[in-house]
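The values are calculated or read from the model by the stated rules, or taken from the named source; none is laboratory data. Remember, predicted model here, so these are calculated numbers, not experimental data. Backbone-built Cβ (ideal geometry, glycine too); neighbour counts: all protein chains shown. The area values use the complete protein model at the heavy-atom level, side chains included, leaving out ligands, DNA and RNA. Shrake-Rupley method; radii C 1.70, N 1.55, O 1.52, S 1.80 Å.
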Amino acid sequence: MYLKLALSNGRILKVKADFPYKDSPIGYRVLLRGEKGGTTALVVGLAKEGQEAELSFPDESPLTTEKHLKALLDVADYYCLLPWRLLFDLLPTAFHWQEEDFITLGDKEWRFLDGKSLEVLQYVKKKKQTKEERLKQEFGKEAVERLLRLGFLRRVREWKMPDLSVSLYALAVPLQEAIDGLKHFRNKEEKLRLIHYLQEREVASEEELREAGFKTQDIKALLQKGLLTCMEEDIRKVSITYTAGRRERRYIRPLGKKSILFGNWQDTLLRMEEELESLVEAGKSALIYCENVSLVEQVEEYLRPALGDRLVRLCSSDRPRDLILRWFSLNSAQGVVVVGNRGALLAPFKEVELFLCLSGNSKHTPTGVDLREFLYQLSRYYGAGFSLVSTAPPLNLYLGRDWREEYSPPTAQVFVLRRKGEEVLSPELKALVPEGEECLFLVNKTGYAYAYCKFCGWIVDCPVCGNLLTLSGEGHKVFCNLCGYKGDALCPECGRPLQKLGFGIDRAVEEVYKHLGVRENFHFDTQPRLGKSYDWVFVLHADNLLSLPRFDAMEKYFSYLWSALCISRRGLVVQTAVEDNPLVEYIKSKDWQGFYEKELSRRKEEDLPPYRKMVVAILRSAPDMQSLGQEARKKRAGKLFEVLVKTDSKNLRETLRILRRHQPVYLEVL
């Protein structure tokens, strides 16, 4: 049999192989050996010819389905990508096996050895196997080579599955003690955010913390200080059986093939729960895609009492052996609901009745793919329903009259307050903060403040990517939230010290604790996120969204406030420094349709998305602008180039092909 194997670099290898099972080989994982070590591949088709290769099939059932591969091909074609590179972008790392060279103990007895040699052997015994380069760095090349030559150590080549253990982190002390413990740290803004994140989440895996943007050095620093604790492999398992009690429910109309659930988050979750219970009782399955790990866990917690062990979690933060066990159980499962992040998108369902996409915003891969598009294409190949679940429908879908809408109006009361200058908390806002109720404070900026040169009169840009720099709390350093650049807080033009301008979430935390005290019921974030509702939500500052040099700045501002409203149970308080802010009036009257109609009218008049395709990209090198057409614009962004291209569906693929030649660090199709 001749097979087409997809490799992680996006290429295809045609091989001759003896397939050991009776069904189709498409979708099966392959361990492919080579001279420099082995790698993982996936069967994506049959070939008419192929080369001899040393390979094996480690799984008794397919890793994914032919339907998934067809959806990948469609999406990759639309975005002008190598489809198999996208395949490996979505495949959980638990399935990326590599064959590598290791050092292990030899068979000789440890006799008549010096102290250093015994130390090397004890190290290898504890590790079981280790990389040769690491061992030589630790103990020296001469000592390791000698033990290899004498047979006390030996080289082996083995398949290594990554991420076999999971580290879980939690606060080791009460919140106030953890905050007090930061007093002697420099650059403590990110450490403070980490403490609040863990106070909110209680326990978080190392992968989840990295996904949330936290640095390993900050985690280690707090561990060494005794403010955090680390537990190995102590994570929740879905093998626990929960009782899924039956209860009387009102009749609900099925969602249908294309639908949007939006509005009040609590009511939207209830509607989703009713739909899923109905499907499970009928022996049908569903997939819930969540945009991040935190949302996965919030949805799992909400649905577990109703669905019990029929709810299966597949998440990038799960322990690999647990993920693998649940993954392959789906080949024959019926009447289950899978909840997960992008690590669940290739799960091998036999049949699926409904795909639910929970996303506050479009969720792109690093290559610019909107994962909602992949899920929609996948639903078509399964003949399943597709439902977007959010606080508001995307503007482009509002024009699609064939989408069924189910809207739950937000019920919270809205207060709009004027903020003066550099004020963080207005007196009126302080008076509205209740005792003992769950409160979320939002600021649409990470860090402490913008970095401003009073002498030159400008906010300093990042020299690498052109993003606005953030000033640290101590005022000595600047950093970029986009590319990670760090530097001294000095103006690049005049060399004078930079000053703070405006405020970010770190200064907001400081001011709230200063004026209102440290409370367990206070929560802080830069974005209103799906997953959890709060009694009160306070938007301290989001006016900076209106100053974005983007055509959709008003939509982003409205969506920010509307999402905050939908996760509020009792009250939404909006501070604004903008006089006669018309968008706030739409929020006060809860008139999302009024805003959409006005915004779409403006975009149609100006020939903007969704009436026209547009690509925004940040590139490592400058493209030939003539090849992109007359409606293309370019500007320098530090060492990079920001490009905006207006195009149409007919020319979109060619536009993307040209832009991808210049190694985009960011790309979005609007």
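Taking the stretch 181-195 as the range and being open to solvent by less than 40 Å² (accessible area, probe 1.4 Å) and either basic (Lys, Arg) or out of contact with any helix residue (DSSP H, G or I) (no Cβ under 7 Å at 6 or more places or on another chain) (or both) as the test, the residues that pass are GLY181, LYS191. Can you confirm whether LEU135 is assigned to a helix (DSSP H, G or I), modelled with pLDDT under 90 and under 26 Å from LEU223 (Cα atoms)? No; evaluated as a whole, the condition is false for this residue. Considering the conditions (1) modelled with pLDDT under 90; (2) of a type in the set (Asp, Glu); (3) within 24 Å of LEU192 (Cβ to Cβ), GLU423 is excluded by exactly one of them, (1). The number of residues in the stretch 498-532 being within 28 Å of the chain's Cα centre (by Cα), closer than 19 Å to GLU438 by Cβ and among the hydrophobic types (A, V, I, L, M, F, W, C) comes to 6.
Mind checking whether some residue in the stretch 185-194 is at pLDDT 70 or above, more than 18 Å from ARG507 (Cα to Cα) and not aromatic (Phe, Trp, Tyr)? Looking through the stretch 185-194, none of the residues is at pLDDT 70 or above, more than 18 Å from ARG507 (Cα to Cα) and not aromatic (Phe, Trp, Tyr). Residue-level analysis places PHE112 outside the set of residues that are in contact (Cβ under 8 Å) with a residue 12 or more places away in the chain and either in contact with a Pro (Cβ under 8 Å, 6 or more places away or on another chain) or among the aromatic types (Phe, Trp, Tyr) (or both). Screening LYS141, LYS116, LYS126 for residues that are of a type in the set (D, E, K, R), exposed (fewer than 15 other Cβ atoms within 10 Å of the Cβ) and at pLDDT below 90 leaves exactly one candidate, LYS126. Residues of the stretch 166-207 that are assigned to a loop (DSSP other than H, G, I, E, B), in contact with a Leu (Cβ under 9 Å, 6 or more places away or on another chain) and under 27 Å from LEU323 (Cβ atoms): GLU202, VAL203. Only residues that are open to solvent by 30 Å² or more (accessible area, probe 1.4 Å) and in contact (Cβ under 8 Å) with a residue 40 or more places away in the chain were counted across the stretch 61-82, and they come to 8. Evaluation of LEU72 against the conditions (1) within 30 Å of THR647 (Cβ to Cβ); (2) assigned to a loop (DSSP other than H, G, I, E, B) shows that the sole unmet condition is (2). Residues in the stretch 421-452 that are within 15 Å of ALA508 (Cβ to Cβ), under 29 Å from the mean Cα position of the chain (by Cα) and not charged (D, E, K, R): 11 in all. Please tell me if LYS635 is surrounded by fewer than 14 Cβ atoms within 10 Å (Cβ to Cβ), farther than 20 Å from VAL75 by Cβ and either more than 26 Å from the chain's Cα centre (by Cα) or at pLDDT 90 or above (or both). Judged against the criteria, LYS635 is a match.
Against the condition within 20 Å of the chain's Cα centre (by Cα) and either of a type in the set (A, V, I, L, M, F, W, C) or assigned to a helix (DSSP H, G or I) (or both), how does PHE328 come out, does it pass? No. On inspection, LEU86 fails the criterion of being part of a helix (DSSP H, G or I), at pLDDT below 95 and open to solvent by 60 Å² or more (accessible area, probe 1.4 Å). Only a single item in (1) open to solvent by less than 30 Å² (accessible area, probe 1.4 Å); (2) assigned to a loop (DSSP other than H, G, I, E, B) is not met by GLU423, and it is number (1). Screening the stretch 1-47 for strands (runs of 3 or more DSSP E) wholly inside it with 3 or more residues that are open to solvent by less than 30 Å² (accessible area, probe 1.4 Å) returns the ranges 2-6, 29-32, 39-46. Selection of the stretch 410-420 for residues being more than 28 Å from the chain's Cα centre (by Cα) and not in a strand (DSSP E or B) yields THR411, ALA412, ARG419, LYS420.
Residue pairs, Cβ under 6 Å, 6 or more apart or interchain, first in the stretch 502-516 and closer than 12 Å to PHE441 by Cα, second part of a helix (DSSP H, G or I). List them. Cβ pairs passing all conditions: ASP506/GLU189.
Look at (1) closer than 30 Å to SER359 by Cβ; (2) of a type outside the set (Asp, Glu); (3) open to solvent by 20 Å² or more (accessible area, probe 1.4 Å); (4) touching a helix residue (DSSP H, G or I) at 6+ places or on another chain (Cβ under 7 Å) and you find that VAL509 fails only one, number (3). On the stretch given as the stretch 338-390, residues that are of a type in the set (D, E, K, R) and open to solvent by less than 30 Å² (accessible area, probe 1.4 Å) total 1. The set of residues in the stretch 453-497 being within 19 Å of ASN544 (Cα to Cα), open to solvent by 50 Å² or more (accessible area, probe 1.4 Å), within 30 Å of the chain's Cα centre (by Cα) and at pLDDT below 85 consists of ASN467, ASN481, LEU482. For GLU605, state whether it is in a loop (DSSP other than H, G, I, E, B), farther than 30 Å from GLN663 by Cα and out of contact with any helix residue (DSSP H, G or I) (no Cβ under 9 Å at 6 or more places or on another chain). No; evaluated as a whole, the condition is false for this residue. PHE214 meets all of the listed conditions (1) part of a helix (DSSP H, G or I); (2) open to solvent by less than 20 Å² (accessible area, probe 1.4 Å) but one, namely (1).
Among residues of the stretch 257-286 being part of a loop (DSSP other than H, G, I, E, B), closer than 23 Å to LEU330 by Cβ and of a type outside the set (A, V, I, L, M, F, W, C), the one that is least open to solvent (accessible area, probe 1.4 Å) is SER285.
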